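To keep things clear, I will list the structure first and then write my remarks on it.
The values are calculated or read from the model by the stated rules, or taken from the named source; none is laboratory data. None of these values were measured; they are calculated from a predicted model. As a convention, Cβ positions derive from the backbone with ideal geometry for all residues, glycine included, and neighbour counts pool all protein chains shown. Areas reflect the complete protein model, heavy atoms only, side chains present, ligands, DNA and RNA absent. Shrake-Rupley method; radii C 1.70, N 1.55, O 1.52, S 1.80 Å.
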Amino acid sequence: MATIAWIVATTVAGGVISVAIAALFALSAPASWVPALVSFAVGALLGAVFLEILPHAIGSAGSLQALFGTVLAGILGFFVLEKLVLWRHCHVEDCEAQHAEPDDQGRSGLMIIIGDSFHNFVDGILIAAAFLQSTELGVVTAAAIIAHEIPQEIGDFVVLLHSGYGKATALALNLLSSLAMLVGALLAYLTLQSAQEWIATVLALAAASMIYVAVADLIPGLHRRPELGATAQQVLLIALGVGLIWGVGEVVRPS
């Protein structure tokens, strides 16, 4: 399959799958299931970073110091973006917008769609950059992004519903924002092909974004359940997420 076909298929399928599963959980499943998805997403994100993305970036980087400096700068940059409410991840259990005043809730819903569209656009760039490096890296990167999108999309649904949007409207808005992933991927495909030297930098930023989301955004929520049973479940699901990334890499890796 041609690289562009892989990029289009994974971005479209990724957006639809993550929104569909999130809608299923947000509209019908108990909120107690969300922490399990968050734990799994942590493992998938960190597994993708340290087992696939960084090894490929190192292999194509001209300077390791510059590469890891980009990762460090990326983490700081995503921190600043989140402070500006451009990079927003809102989960069911800790979404402050749920407790906002009615006049603020509508704006919260609009902000979550704007922030999610920006986020999906960046995810599309990361997926395209990964596929331009190799099909294997593209598949595992897309798998990790989809795993991390699901709990975020659940939070988005909750914000939209509490902002006064109907279920059908919330679903339509989330699907519309997911198209930004395809736009970002196509733009990256058209520009990065003629600038192969930038792929290592983009991969470093991909690693930075995944590390930041996992460590700063998802893991703190897991600490709210410190009991032994919950901790054991979290560790198991994180390991399952890492294992999935390793397994996908082994299956698609050229022999």
At R0 = 22 Å, FRET efficiency that the Cβ-Cβ distance of residue 79 and residue 219 yields, to 0.05: 0.90
R0 = 35 Å: FRET efficiency of residue 8 with residue 169, Cβ-based, nearest 0.05? 0.85
A 1.4 Å probe over the protein heavy atoms gives region 195-255 a carbon and sulfur accessible-area percentage of 72 percent
For region 166-255, the charge dipole (Cβ of Lys, Arg +1; Cβ of Asp, Glu -1; about the Cα centre) points to a positive end, and the Cα of 174, 200, 245 closest to that extreme belongs to 174
